[in-house]
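The values are calculated or read from the model by the stated rules, or taken from the named source; none is laboratory data. Given the structure is predicted, the values throughout are model-derived calculations rather than measurements. Cβ sites come from the backbone with ideal geometry, for glycine too, and all protein chains shown count toward neighbours.
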Amino acid sequence: MTEKEQFLSVLEREFPTTMKVLKAFPSTKGDIKPHAKSKSASVATSAIAVAQCLGRNCFSAGDVATSPSRAPTTTTASKLTRCQ
């Protein structure tokens, strides 16, 4: 199994679970920080969602492709919806 195939296999298994956990997080608690130096839950959620989407899109397509820029989203729910 190549590294790409291994990555895609793990991603296909883990992506639905990650999305389920992120969606279950209360939207009113986005400013929670586990530590003063930590990122907020909203920022962390966005980073995780974007990283998973980029990884899935890049590896599935076989190359890194850019998409047209979109208007920024403001809510965590809208960011998660974009990644499905």
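Please go through (1) at pLDDT below 80; (2) of a type in the set (A, V, I, L, M, F, W, C); (3) part of a loop (DSSP other than H, G, I, E, B) for CYS53 and return the number of the only condition it doesn't satisfy.
It fails just one condition, (3).
If a residue must be modelled with pLDDT under 85, farther than 18 Å from SER46 by Cβ and among the hydroxyl-bearing types (Ser, Thr, Tyr), how many such residues does the range 1-23 contain?
Counting residues in the range 1-23 that are modelled with pLDDT under 85, farther than 18 Å from SER46 by Cβ and among the hydroxyl-bearing types (Ser, Thr, Tyr) gives 1.
Under 8 Å between Cβ atoms, which residue pairs at least 6 apart in sequence (or on different chains) link something in the range 13-30 that is basic (Lys, Arg) with a partner that is surrounded by fewer than 16 Cβ atoms within 10 Å (Cβ to Cβ) and in a helix (DSSP H, G or I)?
From the range 13-30, the pairs are LYS23/ALA77.
How many residues, within the range 1-23, are farther than 17 Å from VAL50 by Cα and either surrounded by 11 or more Cβ atoms within 10 Å (Cβ to Cβ) or touching a Pro at 6+ places or on another chain (Cβ under 9 Å) (or both)?
2
What residue, among those in the range 24-40 that are of a type in the set (Lys, Arg) and farther than 19 Å from LEU54 by Cβ, is modelled with the highest pLDDT?
Per the stated criteria, the residue is LYS37.
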